[in-house]
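To start, the structure under review is shown below, and the notes come after it.
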Amino acid sequence: MPIKNILVVDDSPTDLKYLTDLLAKNGYQVVTAQNADEALAKAKQLRPDLVLMDVVMPGQSGFQATRALTKDEATKQIPVIICTTKGQDTDKAWGLKQGAKDYVVKPVVAAELLKKIQALG
């Protein structure tokens with residue numbers, strides 16, 4: 001199934017704008033959330049084709065939110081790509097262990113992110 005609708009989760013207005021603009025220019029419909037609780041609610045309500053998840057946010061971390069999404073019957077089929085500044089190998093391994101399908105380190109390289117999204121579609 002091709003990916004058309006993407007939920008971008010990030011507490012940084014700058015990162016949200018960059019990712020939203022990048023994805024919209026490439027034909028994706030984008031919805032945003034600024035924290036994990038908002039992301040979980042929107043994922044259940046809107047059922048996006050993909051979630052791009054930041055890790056470092058107030059409240060629940062993106063790791064916790066990813067685990068919640070991938071364990072919930074209502075959202076477990078939605079793939080998650082973690083998109084974060086946390087670039088250590090241990091961070092990547094932990095993110096994938098939480099259920100993420102892929103992992104992108106900020107600053108995001110547009111071509112790399114788009115390639116990863118297409119690979120999931």
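The values are calculated or read from the model by the stated rules, or taken from the named source; none is laboratory data. Fair warning: this is a prediction, and the values are worked out from it, not measured in the lab. Quick reminder, even Gly has a Cβ in these numbers, built from the backbone with ideal geometry, and neighbours come from all protein chains shown.
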Residue, farthest from the chain's Cα centre (by Cα), within the stretch 1-19, restricted to residues that are closer than 15 Å to Thr84 by Cα and of a type in the set (Val, Ile, Thr): Thr14
Test: residue in the stretch 67-78 that is touching a helix residue (DSSP H, G or I) at 6+ places or on another chain (Cβ under 7 Å), within 20 Å of Asp15 (Cα to Cα) and modelled with pLDDT of 95 or more: no
Residue match in the stretch 44-61 (condition: touching a strand residue (DSSP E or B) at 6+ places or on another chain (Cβ under 6 Å), more than 18 Å from Ile6 (Cα to Cα) and in contact (Cβ under 8 Å) with a residue 40 or more places away in the chain): no
So Asn5, is it touching a residue at least 12 places away in the same chain (Cβ under 8 Å) and touching a Phe, Trp or Tyr at 6+ places or on another chain (Cβ under 9 Å): yes
Matching option when the condition is among the acidic types (Asp, Glu) and under 22 Å from Ala110 (Cα atoms), among Asp37, Asp21: Asp21
Of the criteria (1) buried (at least 20 other Cβ atoms within 10 Å of the Cβ); (2) assigned to a loop (DSSP other than H, G, I, E, B), which one Lys76 fails: (1)
